[in-house]
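Participant: So that we are looking at the same thing, I have put the structure below in structure tokens.
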Amino acid sequence: MKSLKLSVSLALCVLAGGAMPSASAQSYSFIDLSTLGGFMSGAYARSSAGTIVGWSYTANNKHHAASWDGQAITDLGTLGGTDSTAVNINKLGQVVGHRPELLFAG
């Protein structure tokens with residue numbers, strides 16, 4: 001856990017133009033969101049109700065949109081493609097996302 005906090009501090013330092021956070025900087029905690037059986041997941045947004053949306057790799061190495069409700073992870077599907085990502089959620093719980101095949105279609 002300490003190495004994860006150090007990595008984030010260093011990343012924040014780089015993003016802030018090299019200035020290290022002061023001793024009174026706000027403290028953050030990390031929550032393990034789990035995965036859909038794959039090796040990695042990531043979060044993009046959190047609703048006012050606390051639902052988190054983002055993506056997760058599945059056991060067969062597919063990239064799927066996912067949501068976390070504080071108890072469990074839910075596969076949101078792929079909109080008919082092979083991969084997807086959820087990027088935001090509103091106060092009604094409506095999720096917006098994308099499918100890479102649609103973004104880069106000729």
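Participant: Take Phe30 and tell me if it is surrounded by fewer than 16 Cβ atoms within 10 Å (Cβ to Cβ), part of a strand (DSSP E or B), within 15 Å of the chain's Cα centre (by Cα) and not small (Gly, Ala, Ser). Steps first, please.
Facilitator: Working: surrounded by fewer than 16 Cβ atoms within 10 Å (Cβ to Cβ): yes; part of a strand (DSSP E or B): no; within 15 Å of the chain's Cα centre (by Cα): yes; not small (Gly, Ala, Ser): yes.
Here the answer is no, as Phe30 does not meet what is asked.
Participant: State all residues of the stretch 29-77 that are more than 16 Å from Val87 (Cα to Cα) and of a type outside the set (A, V, I, L, M, F, W, C); if no residue qualifies, say none.
Facilitator: Result: Ser29, Asp32, Ser34, Thr35, Gly37, Gly38, Thr58, Asn60, Asn61, Lys62, Gly70, Gln71.
Participant: Restricting attention to the stretch 33-77, which residues are over 18 Å from Arg99 (Cα atoms), over 9 Å from the mean Cα position of the chain (by Cα) and among the β-branched types (Val, Ile, Thr)?
Facilitator: Thr35, Thr51, Ile73
Participant: So, in the stretch 88-106, of the ones that are assigned to a strand (DSSP E or B) and surrounded by 15 or more Cβ atoms within 10 Å (Cβ to Cβ), which residue ends up modelled with the lowest pLDDT?
Facilitator: His98
Participant: Still on this structure, I have one more. Any residue at all in the stretch 87-106 that is in contact (Cβ under 8 Å) with a residue 40 or more places away in the chain and within 15 Å of Gly38 (Cα to Cα)?
Facilitator: No: zero hits.
Participant: Mind counting the residues in the stretch 61-87 that are of a type in the set (S, T, N, Q), surrounded by fewer than 18 Cβ atoms within 10 Å (Cβ to Cβ) and at pLDDT 95 or above?
Facilitator: So the answer is 1.
The values are calculated or read from the model by the stated rules, or taken from the named source; none is laboratory data. In this text, all values refer to a predicted model and were calculated from it rather than measured experimentally. Counting neighbours? That spans all protein chains shown, and the Cβs are built from the backbone with ideal geometry, glycine included.
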